[in-house]
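Below is one structure; the comments refer to it alone.
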Amino acid sequence: MRRTIPTEVCERIIDYVGGEHAYIDVYVALHDVTLMYETIHACSLTCKAWLHRSRRHLFRFLGVSCQQEGPRNLNSLHALLVKEAYLQPLVHALLVSSTADRASSMHAAAIRTPRLLPGVRVLRFSRGALYVPRGVELAMRQFASVVDLYLNEVSLYTVHDLRRTLCALRHLKGFMLQSPAWHTSSAAVAPPSYPRAPPSLRLSRLNVEAYSDWLRDARSVYFIEWLARSGAAGSLCEVLLTDMMVTNPPMMSAVQSVLEACHDSLVWLGLSWSPGTDVDIRPLASAVSTCAKLERVRLRIPHKARCVSDMAHLLSTCESKIWMVSVWFIEHQVHPPVLQPDEIDFAALDSVFQSPRWKALQRFVVHYYGLAAEKSWEDESGLVPVEASAERRRAELRRLLPRTYKLGVLYYS
């Protein structure tokens, strides 16, 4: 007699695999999600009995292209959702992408799709231009369940398109902006007004990764400042700006405003800055000192004496609840030779953690990366195995930060 696995058992296995990432937010790696959905997709093709249960997981994460042709375009998606209405409440995350030749068509997904997918919690716009006039903003308000917004390599026509997008998603909690760009050349925001955000828009997570050209643009500075002045940043618990290296005073001032706005709620802070004659870290350090609930700090700075000195000053102002500090030293240039550790005053940094206010510290983790990372902590020329090089760096850190090492909190990664 032929033996088969009962369908109920197979459905439980499918539910187990599909539940591995039960909640997909803007921070879940696409690689992990892809592996899960490849497995579920294989189950859906195995037999008809498995199709219905597999679809319940496959359609939790739905991708659509704004191209006019192809099997995954908007028209095909809308036709499928109308025909198979039971799929509509299953969609948990929606990924909208575009191409260079139809860059301005991404806003089309925000017009009709919200009515068909009112239960979407995660919204991603990737690789295209986003145009949000008043009519599109009104349509996007039907995305009433969206709590996480992810904009990846999105080009925006005006700064108000970005502001309207956030205001339309009135229950938004997490916002990640990665490699943004402006669709037109630089234009000043005049006169700079800061409309209030809807009372229900109170972000808890903010993550911005941007290049220097975007950070120096007046529109970018206005947007960061608007987050602080509009009330949207008043409840932030996580502010991760470690991948937007601040090099100009206007953006530094805008970041300071955000920290001042969320000083009563901030728990996790990530910052990055580069030394310059016109960049003063002291006002930012003053804002950090008011964050009484801060527990984790991540800093990403060039491996230069000025930055290490600024970092020591900033950490010396922090409150006593911080239990973890991570520092990423960056060095991208092999020539001229990188700054040697002895040329940097680590004594001030070493003395910071001896203060009683740092009694809660459990981990001080040092990361080092860049084109010159393999040679920067070596005292000899030539190639050195990775393991030997890493051990040399650990020994160098123990020598440069002896008192921190004795506390048992120093780690090298």
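The values are calculated or read from the model by the stated rules, or taken from the named source; none is laboratory data. Just so we're clear, the structure is a prediction, and the values are computed from it rather than from any experiment. With ideal geometry, Cβ positions are generated from the backbone for all residues, glycine too; neighbour counts draw on all protein chains shown.
List of remarks:
- Pick from the stretch 131-171, criterion among the hydrophobic types (A, V, I, L, M, F, W, C) and in a strand (DSSP E or B), ranking: modelled with the highest pLDDT: Leu149
- Restricting attention to the stretch 306-326, the residues being surrounded by fewer than 21 Cβ atoms within 10 Å (Cβ to Cβ) and in a strand (DSSP E or B) number 2.
- Tally, over the stretch 213-271, of residues that are in contact with a Gly (Cβ under 9 Å, 6 or more places away or on another chain) and not in a helix (DSSP H, G or I): 11
- Filter pass, Thr184 being of a type in the set (S, T, N, Q), crowded, with 19+ Cβ neighbours inside 10 Å and more than 23 Å from Ser272 (Cβ to Cβ): no
- Every residue from the stretch 272-286 that is assigned to a loop (DSSP other than H, G, I, E, B) and not charged (D, E, K, R): Ser274, Pro275, Gly276, Thr277, Val279, Ile281
- Taking first residues from the stretch 232-250 that are in contact (Cβ under 8 Å) with a residue 40 or more places away in the chain and surrounded by 17 or more Cβ atoms within 10 Å (Cβ to Cβ) and partners that are among the aromatic types (Phe, Trp, Tyr) and outside any loop (DSSP other than H, G, I, E, B), the Cβ contacts under 9 Å between residues at least 6 apart in sequence or on separate chains come to Ala232/Phe175; Ala232/Trp226; Leu240/Trp268; Thr242/Trp328; Met245/Trp273.
- Hey, Leu397 modelled with pLDDT of 80 or more and not in a loop (DSSP other than H, G, I, E, B) or not: yes
- Selection within the stretch 287-305 - part of a helix (DSSP H, G or I) and free of Cβ contacts under 8 Å to residues at least 40 places away in the same chain: Ala287, Val288
- Across the stretch 152-195, the number of residues qualifying as of a type outside the set (Phe, Trp, Tyr) and closer than 20 Å to Cys237 by Cα comes to 11.
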